[in-house]
Each structure stands twice: as structure tokens, then as C-alpha cells.
Amino acid sequence: MTRVEEIRAVAEQNRAVFEKTIPQLAETLQQLIGYADEIGEAISVGKQKDGKTQVSFIPMVLVAQRQALAAYEFFSSCRPYQGWLLFRPGIEAVLIAGKWFDDPAMFRLWKERRVRSTEYMEKYSGKHLRSRSLPNSERLQAVLRRINDDYPHFNNDYWNRHLSLRPQDPNAFLLRLEYFDDGWLSEAHALAFLHLLAVLFDSFAAMFAKGLVGFEVPPRTDAITELLDPRIRRLAQQFPDARLVLHDIGLWDTANVA
């Protein structure tokens with residue numbers, strides 16, 4: 001078996017065990033993917049009071065949907081760090097939609113970012129990605145910042161996260177670089193991802209509910225929270241590091257978990 005075949009086999013085995021052990025994960029993902037379809041359809045038929053539509057925003061939710069599906073393949077196979085990298089553009093797409101909703105001129109700046117690079121960096125980086133129109137914009141931007149800080153860069157934390165050096169005998173050491181994470185940590189990241197996805201889609205939908213006549217798509221975060229809450233509580237109680245992932249990235253409320 002080649003190295004590529006070996007990694008694929010382990011990933012498939014991890015995914016099978018993961019989804020059998022926690023069937024709520026695939027069920028929740030499917031609900032949220034369907035939710036994105038509902039949002040896109042509601043935008044396609046909704047109209048502002050002046051009769052105009054907002055169909056140009058539909059690709060944003062489709063991008064978030066696609067990135068969520070791609071990222072889940074890694075979250076469900078115990079590779080959450082790669083999962084966050086894939087999901088990152090989906091978070092960014094929704095945050096950018098809020099900026100366009102605030103000021104349509106921001107679209108042209110985004111489109112011309114290569115020739116207006118200085119202005120683009122000023123308006124589209126850090127806290128400037130927050131907007132008035134998108135609910136939870138500040139919280140979502142903070143999550144994006146956390147992902148940018150912790151996952152894409154080869155810093156000391158990234159170096160130490162999966163690397164180990166263990167003595168084998170007085171003259172030899174075993175150097176290991178892990179490709180997969182522990183089950184409890186992978187579960188914490190997967191649950192954080194699903195809750196964040198619910199908050200992301202709820203926020204996106206709420207932005208249009210305020211301005212489109214006939215836009216009626218019920219939010220999902222409360223139902224997702226209720227479904228997954230028992231597993232959240234167990235993880236947060238047993239593993240302090242899991243609590244941080246769930247709260248800081250997944251936007252779970254872990255304050256009342258003893």
C-alpha cells in the first residue's frame with residue numbers, strides 16, 4: 001500500500017467510525033445544507049419594497065454551502081485543522097455580503113482589489129470586515145481572525161501540534177508527525193463547525209428578512225443547539241481544551257456547563 005493509499009484508507013475508516021458513533025453530525029449537516037438551499041430560494045423570490053431583488057447575493061450562500069460540504073470531509077475523518085482552512089472562505093463570503101449590504105460600492109472595490117490593493121486591504125481586513133447589516137458580524141469576524149491566527153501558518157503552535165519526539169533507546173529517538181487528531185478533539189471541532197455553520201446561515205438569512213417582502217425562513221441555531229447539547233456538555237466537562245474550541249470558534253454558550 002502506498003502512502004497515499006494508506007492515508008485515504010485511514011481517513012475512510014475514521015469517517016465510518018465517526019459517523020456511526022455520532023450519527024447526529026451527518027444529520028445536522030444535511031439539515032444545514034438544506035437550510036442554505038431554502039435561503040437561496042427565498043432570496044430568489046423575495047423583493048424589496050421598491051420591487052428590486054437581491055439575487056446577486058445568492059452565490060455567497062452557495063459558496064458557504066460548498067465550503068461546508070468540503071470541510072466536513074475533513075472534520076468527519078479526524079482532520080479538523082484542514083477542515084477550518086476549507087471552511088474559511090465560506091465565513092468570509094458571508095461577512096463580505098454584509099459589507100455589500102451596507103454599501104454597494106464595496107462590491108466594486110472587492111472586484112478591483114488588484115488595482116486598488118491599498119484601499120482594499122484597508123476596507124476588507126480585520127475588524128473592517130464587520131458590517132451593520134449582518135447580525136453577529138462582530139462574532140463571526142472574531143472567529144475568522146481566530147482561524148487565521150491558528151490554522152494557516154507554520155508558526156510554533158502549528159509545529160508542535162502534531163509533532164512528537166520520543167526516546168526509543170539511549171541512542172535513538174522516534175520522530176512522529178501525526179496526520180489525524182484524537183477522537184475527542186475531532187468531535188469538539190466538528191460540533192464547533194456545525195454550530196458555527198448554523199449561526200452563519202441564521203445571520204445571513206436575518207439580513208434579508210429585514211429588507212425582503214415575503215422572506216420567511218425560520219432560523220435553525222436553537223434546534224441545532226438542542227439536538228447537540230448533550231454531547232457539548234459532556235465534552236466541555238471532560239476536556240478544557242474542547243470547551244475553548246466550542247466557545248471561541250463554534251460560538252457555543254459553554255458558560256453554564258459545570
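The values are calculated or read from the model by the stated rules, or taken from the named source; none is laboratory data. From a predicted model like this one, the values you see are computed outputs, not experimental measurements. With ideal geometry, Cβ positions are generated from the backbone for all residues, glycine too; neighbour counts draw on all protein chains shown. These accessible areas exclude ligands, DNA and RNA; they are computed on the full protein's heavy atoms, side chains included. Shrake-Rupley method; radii C 1.70, N 1.55, O 1.52, S 1.80 Å.
A few remarks follow.
- When ALA198, ALA192 are screened for being assigned to a helix (DSSP H, G or I) and in contact with a Lys or Arg (Cβ under 6 Å, 6 or more places away or on another chain), only ALA198 passes.
- Single residue of region 152-185 satisfying the filter (out of contact with any Lys or Arg (no Cβ under 8 Å at 6 or more places or on another chain) and among the small types (Gly, Ala, Ser)) that is nearest to LEU235 (Cα to Cα): GLY183
- Residue under evaluation PHE215, criteria (1) touching a residue at least 60 places away in the same chain (Cβ under 8 Å); (2) in a helix (DSSP H, G or I); (3) surrounded by 19 or more Cβ atoms within 10 Å (Cβ to Cβ); (4) not hydroxyl-bearing (Ser, Thr, Tyr), criterion not met: (2)
- Every residue from region 201-212 that is outside any helix (DSSP H, G or I) and either open to solvent by less than 30 Å² (accessible area, probe 1.4 Å) or more than 19 Å from LYS52 (Cβ to Cβ) (or both): LEU212
- Any hit, region 232-248, residues being polar (S, T, N, Q) and more than 18 Å from the chain's Cα centre (by Cα): yes
- Options ASP149, ASP157, ASP181; residue that is surrounded by 11 or more Cβ atoms within 10 Å (Cβ to Cβ), without any contact (Cβ under 8 Å) to a residue 12 or more places away in the chain, touching a helix residue (DSSP H, G or I) at 6+ places or on another chain (Cβ under 8 Å) and closer than 27 Å to ASP248 by Cα: ASP157
- Of the residues making up region 115-135, just one is open to solvent by 60 Å² or more (accessible area, probe 1.4 Å) and within 18 Å of LEU197 (Cα to Cα), namely ARG130.
- Those residues of region 1-40 which are exposed (fewer than 15 other Cβ atoms within 10 Å of the Cβ) and outside any helix (DSSP H, G or I), in sequence order: MET1, THR2
- Among all positions in region 38-52, there is no residue which is closer than 30 Å to HIS153 by Cβ and of a type outside the set (Val, Ile, Thr).
- Residue among VAL45, VAL55, VAL63 that is open to solvent by 40 Å² or more (accessible area, probe 1.4 Å) and under 13 Å from the mean Cα position of the chain (by Cα): VAL63
- Any hit, region 68-84, residues being of a type in the set (A, V, I, L, M, F, W, C), farther than 30 Å from LYS20 by Cβ, buried (at least 19 other Cβ atoms within 10 Å of the Cβ) and at pLDDT 95 or above: no
- All of ALA190, ALA142 fail the test of being of a type in the set (Gly, Ala, Ser), surrounded by 18 or more Cβ atoms within 10 Å (Cβ to Cβ) and under 22 Å from LEU244 (Cβ atoms), apart from ALA190.
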